[in-house]
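Accompanying notes for the structure given below.
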Amino acid sequence: MNQAYEKLLNCYESCKSKVDFVPKVALVLGSGLGDFADTIRQEAVLDYGDIEGFPQSTVEGHQGRFIFGYVKDVPVVCMQGRVHYYEGYPMNDVVLPIRLMKLMGAEILFLTNAAGGVNLDYRPGDLMLIRDHISVLVPSPLIGPNCNALGLRFCDMSDTYDGALRSVIRKTAEAMGISIQEGVYMQFTGPQYETPAEIRMARTLGADAVGMSTACEAVAANHMGMHICGISCITNMAAGVTSQPLSHEEVQETADRTAPLFKKLVTESIGALAEAI
Ligand code: HPA
């Protein structure tokens with residue numbers, strides 16, 4: 001059997017033996033949204049460390065656990081702490097939690113992240129609905145022998161961020177009086193922030209926001225046939241847009257400041273998304 005698949009199935013068995021819960025929506029919490037978990041009617045918590053063979057996150061402030069429970073009566077599994085490629089894991093490990101949440105039953109993947117604003121009309125604190133992504137700078141998680149049990153060798157990426165789900169989120173935001181941008185997310189490997197030249201390149205290529213996660217997760221989820229949606233919190237203008245240097249503190253500060261609104265939008269959207277598919 002394909003090694004990555006075998007590892008995934010081991011994690012799945014370990015997970016299943018500890019938690020008996022079938023989620024419909026899988027939610028990945030980006031920077032600042034970590035305490036969204038407090039708003040979930042929790043049924044079970046599973047530390048990544050308690051799952052056999054599960055990759056561990058090492059980044060400060062990123063806790064690592066799955067939270068199972070209900071948001072507006074929708075069964076969800078929430079990833080509190082994601083695995084980043086820049087931590088040194090192979091791509092297969094980076095996307096393992098996404099695949100695991102699908103095996104647990106999740107049909108919808110809701111991705112959130114912090115991102116740098118490349119589009120000059122954006123401002124720190126804006127929320128951006130992800131319409132599409134550019135992932136060519138990071139290795140595909142689908143490289144290697146294809147696991148037919150997961151998905152096709154050559155999978156279509158034409159509607160990765162489900163049009164119907166995007167429409168639901170847009171309408172939800174509108175009904176709540178929250179203005180939301182919509183654009184293209186481009187993944188860089190990190191961990192260093194980009195140079196101004198790299199950001200000019202990203203803008204020329206059609207990116208509206210840049211970050212160090214998410215696109216690879218969407219690739220793996222799309223391979224498995226999940227319905228995907230995502231929202232970026234624009235925490236800072238990307239390198240070179242202003243004369244100010246970038247810092248993790250600024251990213252964290254804006255993420256924390258935007259979190260209350262972001263959390264409300266995510267909560268309301270989950271209620272509406274579950275009915276959309
Ligand atoms: N670049 C990459 N990742 C990020 C940024 C950025 O400017 N801001 C938040 N995450």
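For L120, state whether it is buried (at least 19 other Cβ atoms within 10 Å of the Cβ), touching a residue at least 12 places away in the same chain (Cβ under 8 Å) and not hydroxyl-bearing (S, T, Y).
It is false that L120 is buried (at least 19 other Cβ atoms within 10 Å of the Cβ), touching a residue at least 12 places away in the same chain (Cβ under 8 Å) and not hydroxyl-bearing (S, T, Y).
Say whether the condition of being closer than 23 Å to E87 by Cβ, open to solvent by 50 Å² or more (accessible area, probe 1.4 Å), out of contact with any strand residue (DSSP E or B) (no Cβ under 6 Å at 6 or more places or on another chain) and modelled with pLDDT of 95 or more is met by at least one residue in segment 220-235.
Checked against the condition, which is being closer than 23 Å to E87 by Cβ, open to solvent by 50 Å² or more (accessible area, probe 1.4 Å), out of contact with any strand residue (DSSP E or B) (no Cβ under 6 Å at 6 or more places or on another chain) and modelled with pLDDT of 95 or more, segment 220-235 yields no hits at all.
Which residue is farthest from the ligand (Cβ to nearest atom), if the candidates are limited to segment 105-117 and must be open to solvent by 10 Å² or more (accessible area, probe 1.4 Å) and over 13 Å from V28 (Cα atoms)?
G105
Condition test on E174, is it acidic (D, E) and surrounded by fewer than 19 Cβ atoms within 10 Å (Cβ to Cβ)?
yes
I'd like to verify a number: residues in segment 8-38 that are within 30 Å of A114 (Cα to Cα), open to solvent by 10 Å² or more (accessible area, probe 1.4 Å) and either out of contact with any helix residue (DSSP H, G or I) (no Cβ under 7 Å at 6 or more places or on another chain) or part of a strand (DSSP E or B) (or both), how many?
Adding up the residues that qualify gives 5.
Which members of segment 184-215 meet the condition of being more than 15 Å from M91 (Cα to Cα), part of a helix (DSSP H, G or I) and open to solvent by less than 30 Å² (accessible area, probe 1.4 Å)?
Matches in segment 184-215: I199, A202.
May I ask you to list the residues in segment 236-267 that are part of a helix (DSSP H, G or I), within 16 Å of the ligand (Cβ to nearest atom) and open to solvent by 20 Å² or more (accessible area, probe 1.4 Å)?
Residues satisfying the conditions are H248, E249, E250, Q252, E253, D256, R257.
Go through (1) assigned to a helix (DSSP H, G or I); (2) out of contact with any strand residue (DSSP E or B) (no Cβ under 9 Å at 6 or more places or on another chain) one by one and return the number of the condition I98 breaks.
The number of the failed condition is (2).
Do we find a residue being over 27 Å from A106 (Cβ atoms), more than 18 Å from the chain's Cα centre (by Cα) and either within 16 Å of the ligand (Cβ to nearest atom) or of a type outside the set (S, T, Y) (or both) anywhere in segment 166-184?
Taking every residue of segment 166-184 in turn, at least one turns out to be over 27 Å from A106 (Cβ atoms), more than 18 Å from the chain's Cα centre (by Cα) and either within 16 Å of the ligand (Cβ to nearest atom) or of a type outside the set (S, T, Y) (or both).
Filter segment 52-81 down to residues that are β-branched (V, I, T) and modelled with pLDDT under 90 and give me whichever is surrounded by the most Cβ atoms within 10 Å (Cβ to Cβ).
V59
Give me the residue from segment 188-221 that is of a type in the set (S, T, N, Q) and free of Cβ contacts under 8 Å to residues at least 40 places away in the same chain and, out of that set, farthest from the ligand (Cβ to nearest atom).
Ranking the candidates gives T204 first.
Go through (1) assigned to a helix (DSSP H, G or I); (2) touching a Ser or Thr at 6+ places or on another chain (Cβ under 7 Å); (3) open to solvent by less than 10 Å² (accessible area, probe 1.4 Å) one by one and return the number of the condition I270 breaks.
(2)
Every residue in segment 101-125 that is part of a loop (DSSP other than H, G, I, E, B) and among the hydroxyl-bearing types (S, T, Y), please.
Answer for segment 101-125, where residues must be part of a loop (DSSP other than H, G, I, E, B) and among the hydroxyl-bearing types (S, T, Y): just Y122.
Which of the residues belonging to segment 126-168 are open to solvent by 20 Å² or more (accessible area, probe 1.4 Å), in contact with a strand residue (DSSP E or B) (Cβ under 7 Å, 6 or more places away or on another chain) and in a loop (DSSP other than H, G, I, E, B)?
Selection gives D126, S135, L137, D162.
The values are calculated or read from the model by the stated rules, or taken from the named source; none is laboratory data. A quick note: this is a predicted structure, and the numbers were derived from the prediction, not measured. As a convention, Cβ positions derive from the backbone with ideal geometry for all residues, glycine included, and neighbour counts pool all protein chains shown. For the accessible areas, the whole protein counts, side chains as well, though only heavy atoms, and no ligand, DNA or RNA atoms are used. Shrake-Rupley method; radii C 1.70, N 1.55, O 1.52, S 1.80 Å.
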